[in-house]
Structure formats: C-alpha cells, structure tokens
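What follows is a single structure, written as structure tokens, with notes after it.
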Amino acid sequence: MTISEKDVRHVADLARLHVEDEEIGPLVRHFEAILGHFSALSRAREEGRLVLDRVDPFLFAERETPPLRDDIPVRSAVGKDVLASAPLRKDTFFVVPRILEEE
C-alpha cells in the first residue's frame, strides 16, 4: 500500500497536529515502513510461517490489579514558574484555543 502526502496530512488533521511541509516526506516513508511490517506479518501468516491460533491474546495482560498508592495532594513551587511561562493565562489557568465548535 502506498501512502501519499494527502494521507499524512489527513491523519495529522484527525490528530489535530500541525505538520510542517518538510516533515511530510519523512512521515510518508515512516508510515510506509510501518505498513510494510504489517504486510510482512500478514504474508507470513498466510504462508503458515506465523501461527497464532494457540496464542492467548491476553497472555501479557495484567492478571491482577496493580496496588494503588494513596492520593495525597502535595504543594509545589513549580506551578507558578510554569504558569508564568505560559503565552496566555487568566488568573491561575492556562488559556488554550477552542478545538470544539459550540453547540
């Protein structure tokens, strides 16, 4: 499968990512390499070189719930520094562009 620049721009748009023009070419090659790996796996399975029938899909999933620590709020002096470096802020909040249209 061939990936086009249009495909890369569409994926970036869906992910709401800004991609510079000079980044498109390397991303096209990167996506094609990823699809090439999936294609190789698919061929190996079709040829019987990759047998997955007896593989438990949840083999490596956690079987137990991990232990949780207590959620203890901690004051931090870093917050003021981070907020001070924000391009836009209002009181103690960051101001960010709206990404969803109003209903």
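The values are calculated or read from the model by the stated rules, or taken from the named source; none is laboratory data. No experiment lies behind these values; they were computed from the predicted model shown. No Cβ is skipped: glycine too gets one built from the backbone with ideal geometry, and neighbour counts run over all protein chains shown. Note: areas computed on protein heavy atoms with side chains; ligands, DNA, RNA excluded. Shrake-Rupley method; radii C 1.70, N 1.55, O 1.52, S 1.80 Å.
Distance between the modelled labels on Arg49 and Val74, one decimal in nanometres: 5.0 nm (7 Å Cα→Cβ projection). Proximity of backbone amide H atoms, modeled 1.01 Å from N, is registered between Arg89 and Val95 at under 5 Å, excluding neighbours fewer than 5 places apart on the same chain. Round to the nearest 10 and give me the degree value, 0 to 90, for the angle of helix 5-14's Cα axis relative to the longest principal axis of the chain. Helix 5-14 sits at roughly 50 degrees to that axis. When peptides 28-39, 47-58, 79-90 are ranked by their average number of other Cβ atoms within 10 Å per residue, the highest-first order is 28-39, 79-90, 47-58.
Does the chain come out rounded, prolate or oblate by the C-alpha gyration tensor, with a ≥ b ≥ c the root eigenvalues, rounded set by a/c under 1.5 and, if not, prolate when a/b is larger than b/c and oblate if not? It comes out oblate by the Cα gyration axes. Dipole size of the chain about its Cα centre, with +1 on Lys/Arg Cβ and -1 on Asp/Glu Cβ: approximately 280 debye, rounded to the nearest 20.
The angle separating the long axis of helix 21-46 from the principal Cα axis of greatest extent in the chain is about 40 degrees. Just the protein heavy atoms count here, and of the accessible area of the chain at 1.4 Å, carbon and sulfur take up 58 percent.
A 1.4 Å probe run over the chain, with the rest of the protein chains in place, finds 101 Å² accessible per residue.
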